[in-house]
Amino acid sequence: MTQIIDQIRHVCTLGGLQSVLAIERAIPVLHAGPGCGQKLWGAVGLQNGGQGSGYAGGHTVPCTNTTERDVVFGAVDKLEATIENAFKVIDADFFAVLTGCASDIVGDDVGDVVRGFQKQGKPIVYAETGGFKGNNFIGHEMVLDSIIEQYLQPAPGVVPGQVNIWAVVPYQDPFWTGVYADLSELLRAIGLTPNVIFGQGGGVAALNRVSAAQFNLLVSPWVGLKGVEQLEKKFGTPFLHYPVLPIGPTETGKFLRAVASYAGLDLARVEAFIAQREEHYYHYIERAAEVLLETRFLPRHFTIVADSAYALSLAKFLVSDLGLIPERLYVVDGTPEDRQAEVREYFKDLGEGIGAEVLFTPDGGEAQEKIRATKFRSRPLILGSSWERVLTKELNAFVLSVSMPVSDRLLFDRSYVGYTGALRLVEDIYSVILSDFQ
Amino acid sequence: MGTINIKQNEVPVREFRLGAVTGYVGTIGDLHDRAADGCDVGNRERCFTQASACSSGCCQGQLGSISDALVINHAPVGCAADAVASNVNYKSGARLRGLDYKNLRIISTNLDERDTVFGGAEKLRDTILQANERYHPKAIFVTASCVSGIIGEDIQSVLNDLKDELDIPLVPAFCEGFKSKVWASGFDAAFHAVLHGIVAPPRFKTNKVNFVNFRGSARKEIISTFEKLGVEPVFLLQHSTVEEIRRISEARATVSICGTLGSYLGNGLEQHYGVPYVRTEQPHGITGYKNWLRSLGTLLESEEEVEKIIASEEARIAPDLEELRAKLKGKTAVVGMGPSFGHNYTRVLRELGVEVLWAATWHFDQKYDHGEVPESTKRLAEVDGDLPVSVGDQQNYEIVNLLNKLKPDIYVTRHGGSSVWATKMGIASYMITDEYAAFGFNGIINFGNVIVDKLTNRSLARKLAERIKLPYSEWWLAQDSFSLLNAEGF
């Protein structure tokens with residue numbers, strides 16, 4: 001049966017353009033249709049936590065705006081002129097040419113055009129991201145691949161303690177800036193030197209540091225694995241693949257201990273930090289105990305409709321630290337079939353010996369049909385996207401939008417990562433519950 | 001005059017049908033004269049462009065917002081990305097009108113690499129069946145995409161094969177992004193789908209007037225005004241039902257809040273079913289509203305009632321208007337909008353006493369389907385032929401450069417992603433999100449007050465501008481704003 005997609009939860013490979021924009025002063029140049037950019041950033045940007053055009057996104061992004069003539073005759077000359085003028089008009093440090101469906105089907109030799117500029121020493125790469133090749137999780141990987149392959153150079157030596165952080169997909173995850181900042185802070189606290197290319201203060205300088213890292217840290221169930229493998233192959237940098245985005249004391253403790261032992265750090269310092277942060281966390285949880293236990297309408301069971309990273313991490317926190325019960329969970333990031341068994345395995349133990357069934361589907365409509373048919377036996381908690389708000393009304397559920405599209409929230413630098421992040425999440429969930437009937 | 005052929009399943013894009021252009025710089029007088037004389041406004045290409053928008057978004061936004069229909073997008077998943085913004089828009093419209101709280105339905109066939117080689121007809125068929133099973137819609141529209149267009153998918157055959165199986169209209173809408181630089185071609189694709197596949201010949205005349213608009217925020221005011229003229233508005237297409245649309249051929253007239261949006265449907269209904277289309281400038285501000293209402297009044301033979309409404313309303317707002325004009329005296333504006341809104345709002349700003357320094361429009365239709373230059377353009381050319389104008393498919397680099405040179409008090413715009421750049425330059429800006437923002441007598445007062453408010457406190461713009469850097473090189477900002485526009489014919 002055809003895998004239809006109703007209520008989209010991700011966009012196409014060309015959505016990787018947002019990963020370019022996530023690098024400070026980097027800009028994508030699209031060799032694509034006139035509407036591709038607008039549709040994609042509208043969905044994973046503006047209508048996803050209110051992530052607007054920023055420095056040079058949105059309608060600032062150079063694009064060849066494919067016409068019928070381009071489809072018939074090809075458009076490499078037009079692309080060349082667009083790139084040449086982009087260098088003149090736009091004030092940026094790094095350019096990445098991304099192609100759309102038309103160019104990839106017609107077969108424009110984009111590589112040839114871009115190599116011409118690379119030979120002139122211009123900071124530019126390309127990736128053939130025609131939307132029919134998959135979703136933007138894959139598109140993100142394609143962008144990383146092109147940067148690693150075409151731009152990064154070996155470093156003179158390894159910088160001890162430097163760790164490159166690779167985690168959630170920028171923009172697709174509306175909390176991404178907070179996630180990278182909070183992961184950095186955790187690593188810094190235990191004595192490492194984080195290097196993050198995405199977000200404020202990264203940019204080309206951070207890109208240029210990548211090959212000097214002691215190791216790469218991938219915090220993600222599957223997205224980005226190719227990139228760290230490629231970095232190992234190209235620069236001999238080892239990597240730690242940690243599948244769980246740490247939310248709350250249980251998982252954050254595990255995460256810090258795992259990273260520390262991998263990096264050979266002073267474990268006493270790590271334990272002291274964990275103890276201090278747990279004390280802070282439980283100070284507030286203790287204070288809120290009445291709300292958590294004695295509020296009139298409390299959810300007992302929950303479900304999640306999100307990408308694999310958030311479905312897993314949120315579920316682990318709700319089970320391990322908040323005492324809630326999972327129903328079937330929905331992973332909507334198009335996890336490749338050959339990775340599904342491994343990802344499914346992660347959900348077998350969410351804590352306390354409790355596991356959850358997982359349904360992989362990019363079809364949000366299907367997920368909603370299944371949720372509608374679930375017997376929750378109390379008002380359920382649904383962590384999903386803004387598509388779920390209607391369903392929530394039908395089911396008399398509590399809903400918090402956390403996964404693309406999050407069109408009903410404005411998000412800045414917060415994330416749910418770590419100890420403080422977990423407090424933010426508890427605030428958000430219980431504010432939904434408290435405000436529901438008032 | 002072009003003839004609209006509703007038997008065919010596809011409508012030609014605006015470049016071919018209306019002589020639409022996306023590259024021009026000059027004066028409103030020149031633009032108008034060349035369009036009117038038939039000597040043609042030669043389109044000027046650019047050697048540098050930024051991402052604009054495509055027909056597919058406009059088309060899906062219209063069709064997807066018909067409350068009991070659904071849209072199948074025959075495309076890779078990214079082409080359905082606009083479903084998210086359309087859903088937000090849809091819900092805001094539903095809230096405005098107090099309608100059911102629900103999500104709109106735009107479903108992707110999710111074309112992949114294999115389909116680009118072997119075709120996706122089976123996928124389309126299967127998606128239609130699954131979607132029908134899931135939602136039981138009253139009609140299904142299938143929107144094309146760049147991929148379906150390039151690989152030559154035969155959408156119509158798939159629909160023909162399913163005709164007996166599904167007892168609802170199955171209608172294609174051809175809105176491939178690469179076919180037109182004018183995203184408004186997508187409106188035509190949507191309205192053509194409606195004319196071709198939904199609208200039935202009239203059984204009789206009703207007292208309805210088709211009102212082509214977007215979310216319909218001024219619904220109550222319009223219902224009450226139309227009541228005085230003995231007619232009832234039917235708001236199209238957003239939030240209308242398939243059955244309502246089927247009957248629009250029975251209406252007494254068609255009007256539109258936007259010439260760009262409504263002219264195809266209006267002319268199609270006029271040509272095929274004799275429903276007259278009101279072709280005046282749109283009802284924004286005072287002159288626009290008066291000409292529009294008088295024209296409608298003549299059609300409905302309610303001239304006297306119309307004059308009564310105009311006289312009493314004009315007198316009612318006179319003191320407020322006077323006050324606004326005093327406050328706005330000496331203020332300057334730049335306009336950046338679609339062509340109908342742009343030329344209409346330039347007139348409205350002038351009515352308020354604001355000096356419009358420049359009117360940029362996102363495209364320009366030389367002649368609408370009834371064979372005339374848009375009335376809003378004609379009127380503007382009559383009163384101020386020297387007004388500088390430009391046409392560009394929302395090329396921000398030109399707009400930023402222009403604003404940097406003209407430094408108006410305010411930038412008045414429509415379409416997302418433009419107003420922010422004025423703000424970042426310390427210039428007050430106002431993006432018109434509501435199509436009724438300056439509707440008639442009430443509208444112009446509200447609109448004027450918004451402008452006054454925007455000019456009164458510019459702290460956000462001023463402070464933001466002090467702290468951010470524009471993404472353009474010093475070199476570019478020093479160039480002529482339109483220096484990357486090629487000569488005609490190149």
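Eigenvalues of the alpha-carbon gyration tensor of the stretch A:13-150, scaled by 5 and square-rooted, set the equivalent ellipsoid semi-axes at 20, 17, 14 angstrom, largest first. In summary, the protein assembly as shown shows an alpha-carbon radius of gyration equal to 0.96 times the 2.2 N^0.38 Å reference for compact globular proteins. The loop-placed chymotrypsin sites (Phe, Trp or Tyr not before Pro) in the stretch B:67-129, going by DSSP, that have at most 13 neighbouring Cβ atoms within 10 Å of their Cβ come out as B:Y101. Summarising the overall dimensions of the stretch B:208-303 from its C-alpha atoms, the Rg and Dmax are 12.1, 35 angstrom.
Only helical runs count toward this figure. For chain B, summing -39,500 (n - 2.57) over DSSP H runs of n ≥ 4 and dividing by all residues gives -14000 deg cm²/dmol at 222 nm. For A:K226, a cut-off of 17 angstrom between C-alpha atoms picks up these lysines, skipping any fewer than 8 places away in its own chain: A:K133, A:K234. Calculate, for B:R462 and B:D33, the FRET efficiency according to 1/(1 + (r/R0)^6) with r their C-beta to C-beta distance and R0 45 Å; round to the nearest 0.05. For B:R462 and B:D33, the calculated efficiency is 0.65. Considering only B:I168, B:F364, B:G216, and ranking their Cα positions along the charge dipole of chain B that arises from unit charges at the beta-carbon of Lys, Arg, Asp and Glu, the one farthest toward the positive end is B:G216. Taking GluC sites (Glu not before Pro) that fall in a DSSP loop and have at most 14 other Cβ atoms within 10 Å as cut points, what is the longest piece of chain A between them? Longest site-free region, per DSSP loop and neighbour criteria: A:1-351. For the stretch B:1-142, what ratio Rg/Rh do Cα atoms give with a Kirkwood hydrodynamic radius? Rg/Rh for the stretch B:1-142 comes to 1.06. Springs between Cα atoms under 10 Å define the GNM used for chain A, and in it the highest mean-square fluctuation of A:G107, A:G45, A:G253 occurs at A:G107.
With N residues in chain B, what two-decimal value do you get for its Cα radius of gyration over 2.2 N^0.38 Å? If you can, show how the numbers build up before the last one.
On the way: Rg = 22.5 Å, N = 490, 2.2 N^0.38 = 23.2 Å.
That ratio works out to 0.97.
What is the sum of charges around A:Q162, taking Lys and Arg as +1, Asp and Glu as -1, for the other residues whose C-beta is under 12 Å from the C-beta of A:Q162? Can you show the working numbers first?
Values: positive: A:R188, A:R209; negative: none.
Spelling it out: positives minus negatives among the neighbours equals +2.
Applying a 4.7 Å cutoff between beta carbons, the unpaired cysteines of chain B are B:C39, B:C47, B:C54, B:C58, B:C79, B:C146, B:C258.
In the stretch B:298-341, inverting the average of 1/r over every pair of distinct C-alpha atoms gives 13.6 Å as the Kirkwood radius. For B:E113, neighbours were defined as the other residues whose beta-carbon sits under 14 Å from its Cβ, and their charges (Lys and Arg +1, Asp and Glu -1) total -1.
Using only side-chain charges placed at the Cβ, +1 for Lys and Arg and -1 for Asp and Glu, the dipole size of the stretch B:4-109 relative to its Cα centre rounds to 460 debye.
Pairs of Cα atoms in chain A fall into 20 Å distance bins, from 0 up to the last occupied one, in shares of 26, 56, 18, 1 percent. Principal-axis analysis of the Cα atoms of chain A puts helix A:110-119 at an angle of about 80° to the longest axis.
The long axis of helix A:267-287 is offset from the longest Cα principal axis of chain A by roughly 60 degrees. Given +1 at the Cβ of Lys and Arg, -1 at the Cβ of Asp and Glu and no other charges, the dipole of the stretch A:398-438 around its Cα centre is 100 debye to the nearest 20. In loop segments of the stretch B:185-279 as defined by DSSP, the chymotrypsin sites (Phe, Trp or Tyr not before Pro) with at most 15 further C-beta atoms inside 10 Å of their C-beta are B:F204.
Straight-line cross-link reach from B:K454 at under 22 Å between alpha-carbon atoms covers these lysines, not counting any fewer than eight positions away in the same chain: B:K327, B:K329, B:K331, B:K405, B:K407, B:K424, B:K463. Within the protein assembly as shown, antiparallel bridges make up roughly 15 percent of the DSSP beta bridges whose residues both belong there. Contact order, relative form, for the stretch A:278-436: 24 percent (alpha carbon pairs under 8 Å, 6 or more residues apart, mean separation divided by residue count).
Which three semi-axes in whole Å describe the equivalent ellipsoid of the stretch A:72-214, each the square root of 5 times a Cα gyration tensor eigenvalue, listed largest first?
Working: eigenvalues 196, 65, 33 Å².
Result for the stretch A:72-214: semi-axes of 31, 18, 13 Å.
Taking the Cα centre of the protein assembly as shown as reference, the dipole from Cβ charges on Lys and Arg (+1) and Asp and Glu (-1) amounts to some 1560 debye. For chain B, the relative contact order is 20 percent, taking Cα pairs closer than 8 Å that sit 6 or more residues apart in sequence and dividing their mean separation by the residue count.
In summary, the aspartates and glutamates within cross-link reach of A:K393, defined as a Cα separation below 16 angstrom excluding same-chain residues under 8 places away, comprise A:E369, A:D408, A:D436, B:D100. Taking every Cα-Cα distance in the stretch A:278-436 and sorting them into 5 Å bins from zero, the calculated P(r) comes out as 2, 9, 18, 23, 22, 16, 7, 3, 1, 0 percent.
Counting chymotrypsin sites (Phe, Trp or Tyr not before Pro) as exposed when in a DSSP loop with at most 11 other beta carbons within 10 Å, what is the longest stretch of chain A free of them? Intermediate values should be presented prior to the final figure.
Values: sites that count: A:F412, A:F437.
Maximal segment without exposed cleavage sites: A:1-411.
Each Cα pair under 8 Å and six or more residues apart adds its separation to the average, and for the stretch B:397-490 the resulting relative contact order is 31 percent.
Which of the trypsin sites (Lys or Arg not before Pro) found in the stretch A:234-314 are loop residues per DSSP with 16 or fewer other Cβ atoms within 10 Å of their Cβ?
Details: sites: A:K234, A:K254, A:R257, A:R269, A:R277, A:R287, A:R296, A:R300; in loops: A:R296, A:R300.
In loop regions of the stretch A:234-314 (DSSP not H, G, I, E or B), the sparsely surrounded trypsin sites (Lys or Arg not before Pro) are A:R296, A:R300.
Once every DSSP H run of n ≥ 4 in chain A is given -39500 (n - 2.57) and the sum is divided by its residues, what mean residue ellipticity at 222 nm do you get, rounded to the nearest 500 deg cm²/dmol?
On the way: 18 runs with 196 residues, N = 438.
Helices in chain A give a 222 nm mean residue ellipticity of -13500 deg cm²/dmol.
Throughout, read-outs are computed from the coordinates displayed, never taken from laboratory work. Not measured: the values here are computed from a predicted model. For neighbour counting, all protein chains shown are included, and Cβ atoms are generated from backbone atoms with ideal geometry for every residue, glycine included.
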